[in-house]
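The values are calculated or read from the model by the stated rules, or taken from the named source; none is laboratory data. Source: prediction; values computed, not measured. Every residue, glycine among them, receives a Cβ derived from its backbone with ideal geometry; neighbour counts consider all protein chains shown.
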Ligand SMILES: Nc1ncnc2c1ncn2[C@@H]1O[C@H](COP(=O)(O)OP(=O)(O)OP(=O)(O)O)[C@@H](O)[C@H]1O
Ligand SMILES: [Mg+2]
């Protein structure tokens, strides 16, 4: 009886994911699953299903754009799982307004929610995200359903994240990691190694951090390239990072470290593998990657840096440090730089073989990172 709203940008893979889910349901749940598409013809859905190898006799497909017909299919198939792709393309004659408009979408959702609750049908509604990132225009839908999931992904990467936004009956800060490929979509049980480059030799301009995606710790590499000296204002380009935070880290580095001139040089900073890391905990790794690139000094590849950088160059505390350290240790990292009060000496716990050092400011972090790479 739960009603889930899965929202995502066009082409991110919503239909692909849900077709796979419907297939798995048909295979194992003991009741049929029904996929109603208002956007594609049955043969188009079937084509996708064939490509993904998801054709099961308990998986039913229908192309409908009228609510009454959808309810008719529910009576005929009696599914345990209903996927409605998408809620904006279904309309009901009993209500005014254009299909996809607020009134219609609201009415359709309300009707399906009551049917789902009454008959105990697990229901997944696909919602399109508008340009400004909202589901179905106004966020009217989010109040009507039990669970809201956002499906995110970068156009240029095969990585997809399903993020819990609202959950009436459980934790909402869960993240599911998936990979899109020719044969459809598959889940990534252990995504951590994806966001790293394994170098044979230490190289300047890179530093590893551990980002949190919901409750999941992801070991992530940050790279920086310090470009040519230019007249006027130099370009600062980010990919997967927050540009405002990069600007701040650059200003702090310029001010707090000697030997490093950044104000007249181009700076490029990026994450690896298409992951987006905007949390302040990545500041320290960004700072170290930039300093490492600028000073042409490689940081030890087995080092992770975790911490927010403040305007005076101080390293500030961030959350979930033990969890981040455990994940880094699991992937074989041996040295960690953490904010004051976050190391094992302060918190009493920490991964065994890892050498964890608390650093108070960017300069001492640089100092420790240089020493670790010399060892
Ligand atoms: N033959 C194929 N080989 C590889 N990838 C494909 C193939 N066909 C489709 N795709 C991938 O699947 C993606 C589309 O997935 P899907 O239709 O599930 O997205 P969607 O979120 O439902 O989009 P929409 O909002 O338009 O309904 C495309 O971006 C494309 O990358
Ligand atoms: Mg679709």
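Looking at residue 151 and the list (1) part of a strand (DSSP E or B); (2) within 16 Å of ligand 1 (Cβ to nearest atom); (3) surrounded by fewer than 19 Cβ atoms within 10 Å (Cβ to Cβ), which single condition is not satisfied?
For residue 151, the failing item is (3).
Please find, among 328, 305, 370, 320, the residue that is touching a residue at least 40 places away in the same chain (Cβ under 8 Å), assigned by TED's automatic domain parsing to the domain that holds residue 216 and over 25 Å from residue 199 (Cα atoms). So that I can check it myself, show each step before the final result.
On the way: 328 fails: over 25 Å from residue 199 (Cα atoms); 305 fails: over 25 Å from residue 199 (Cα atoms); 370 fails: over 25 Å from residue 199 (Cα atoms).
320 is the lone residue from the list that is touching a residue at least 40 places away in the same chain (Cβ under 8 Å), assigned by TED's automatic domain parsing to the domain that holds residue 216 and over 25 Å from residue 199 (Cα atoms).
For segment 52-66: of the residues being in contact with a strand residue (DSSP E or B) (Cβ under 9 Å, 6 or more places away or on another chain) and assigned to a loop (DSSP other than H, G, I, E, B), which is nearest to residue 17 (Cα to Cα)?
Top of the filtered list is 54.
Find the residue count for segment 85-127, including only residues that are within 15 Å of ligand 1 (Cβ to nearest atom) and surrounded by fewer than 19 Cβ atoms within 10 Å (Cβ to Cβ).
Narrowing segment 85-127 to residues within 15 Å of ligand 1 (Cβ to nearest atom): 85-90, 100, 124-127.
Of the ones still in play, those that are also surrounded by fewer than 19 Cβ atoms within 10 Å (Cβ to Cβ) are 100.
Residues in segment 85-127 being within 15 Å of ligand 1 (Cβ to nearest atom) and surrounded by fewer than 19 Cβ atoms within 10 Å (Cβ to Cβ): 1 in total.
So which residues in segment 10-40 are farther than 15 Å from residue 178 by Cβ, within 13 Å of ligand 1 (Cβ to nearest atom) and part of a loop (DSSP other than H, G, I, E, B), if there are any at all?
10, 38, 39, 40
Among the residues of segment 154-171, how many are modelled with pLDDT of 85 or more and either away from ligand 1 (no atom under 13 Å from the Cβ) or in contact with a helix residue (DSSP H, G or I) (Cβ under 9 Å, 6 or more places away or on another chain) (or both)?
As a first pass, look at segment 154-171 and keep what is modelled with pLDDT of 85 or more: 158-170.
Filter once more, so that each one left must be either away from ligand 1 (no atom under 13 Å from the Cβ) or in contact with a helix residue (DSSP H, G or I) (Cβ under 9 Å, 6 or more places away or on another chain) (or both): 159-170.
Final tally of qualifying residues: 12.
Among the residues of segment 287-320, write down those that are in a loop (DSSP other than H, G, I, E, B) and over 15 Å from residue 221 (Cα atoms).
Result: 296, 297, 310, 311, 312, 313, 317, 318, 319, 320.
Considering every residue within segment 172-184, establish whether at least one is crowded, with 19+ Cβ neighbours inside 10 Å, more than 16 Å from ligand 1 (Cβ to nearest atom), in a strand (DSSP E or B) and assigned by TED's automatic domain parsing to the domain that holds residue 320.
Within segment 172-184, none of the residues are crowded, with 19+ Cβ neighbours inside 10 Å, more than 16 Å from ligand 1 (Cβ to nearest atom), in a strand (DSSP E or B) and assigned by TED's automatic domain parsing to the domain that holds residue 320.
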